[in-house]
Amino acid sequence: MRRTPGMAVDKTVRLDRFLVYCCYIWSFKPKYGSLQRGGGAGRLAWPGSGEDTMRTTDDRYAGERAQFDLAMRLIRHQARTHIITLCTGFSQDRIRKLYTTYFKHRGERSVRRHRGKSPCSVEYFVRNPTVQSEATLLVHLFAAWGLLRIRQDLAAEPAISVDRLAFGQRFCEAFETFRSLQPEGLISFEHAWNLLTALTQRAELLLLDCADCSTLYVHDALALDRRRCPTCRVVLRTRHTASHGT
């Protein structure tokens, strides 16, 4: 087939149209794409490329992973189901399966699941100077980890609201710090939870300052008190016993 001048012109016109079309696409895409940096070089993330979906999926996975880690942490502390559900949002069935899969079937006998209601008596925290001192230490740790605020009038109030996951994580940090300071401590995780709610929600416990040493200490809101902290009471009792002994 012989080539004619008209055919060359037609091919040139089509090539020009193709170049114009490419320029149009290139000028149109960046309006809806975003320049991302990855792998050490700039690249365009076009709409519908799946990167936004992957990022959303990664965020969701990170959130679920944090919930899972907190649930495992709470189970190790032998927290009851309602506390784990409150902090993680997991159902009772899922918590039961986690315990069965990762603890019961692996023979971890030190981790047990407690049934029934959580302890709610505040008398436990003032029954003797040792437990009262431990409760006072925990209150200071709660304040340090942002779980409560101590006002100038010594009233304890809930701290600025945080999401339940962060609250559970902070509570675990405070309790684990307490355990590192008091390895043989008498206050369990469940009692520590009761201590915080009794101070900040039920107002069954209060903070007082000792008349002898000005130290803050936990006291029963309905009990009589001579404004002496547990340490000063022990010192006074020891002196009294020694004076009568001689």
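Just so it is clear, none of the values below were taken in a lab; they were calculated from the coordinates. Quick caveat, the model's predicted, so the values are computed rather than measured. All Cβ positions, even for glycine, are placed from backbone atoms using ideal geometry, and neighbour counts span all protein chains on display.
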Revision key, fill the gap. Binned at 5 Å starting from 0, the alpha-carbon pair-distance distribution of region 57-104 in whole percents comes out as 5, 23, 35, 22, 10, 5, 1
Revision key, fill the gap. Per the rule of 0.36 nm per residue minus the C-alpha distance, extending Ser214 to Lys97 adds in nm 37.2 nm
Practice item. Tell me which residues come under 5 Å, amide H to amide H, from Val218 once H is placed; ignore anything under 5 positions away on its chain. Key: Thr136
Check your understanding: When averaged across all projection directions, what area in nm² does the alpha-carbon convex hull of region 123-245 cover?
Key -> 8.3
Revision key, fill the gap. For Ala159, the residues 5 or more places away or on another chain with a placed amide H closer than 5 Å to its own amide H are Leu148, Arg149
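Tell me, what is the FRET efficiency for Lys104 and Ala66 to the nearest 0.05, using R0 = 25 angstrom and their Cβ-Cβ distance as r?
Result of the calculation: an efficiency of 0.60.
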Study note, to complete from the structure: Quick calc, Arg202 & Arg115: beta-carbon distance into FRET formula, R0 25 Å, rounding 0.05, result 0.65
Point to revise | Estimated dipole of region 156-218 in Debye, rounded to 20 [Cβ of Lys and Arg +1, of Asp and Glu -1, Cα centre] | key: 180
Check your understanding: What ³J(HN,Hα) values, in whole Hz, does the Karplus curve 6.51 cos²θ - 1.76 cosθ + 1.60 give for region 144-151 when θ = phi - 60°, with x put for Gly and Pro?
Key -> 5, 8, x, 8, 8, 10, 9, 6
Revision key, fill the gap. FRET efficiency for Val234 and Asp59 from the Cβ-Cβ distance with R0 = 41 Å, rounded to 0.05, comes out at 0.20
Practice item. State the answer as a single residue: which of Leu224, Asn128, Ala242 lies farthest towards the positive end of the charge dipole of region 123-245, with beta carbon charges of +1 for Lys and Arg and -1 for Asp and Glu, about the Cα centre. Key: Ala242
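Run the numbers for Leu165 and Leu86: contour at 0.36 nm per residue of separation, minus the present Cα-Cα distance, in nm.
Gain in length upon complete extension: 27.6 nm.
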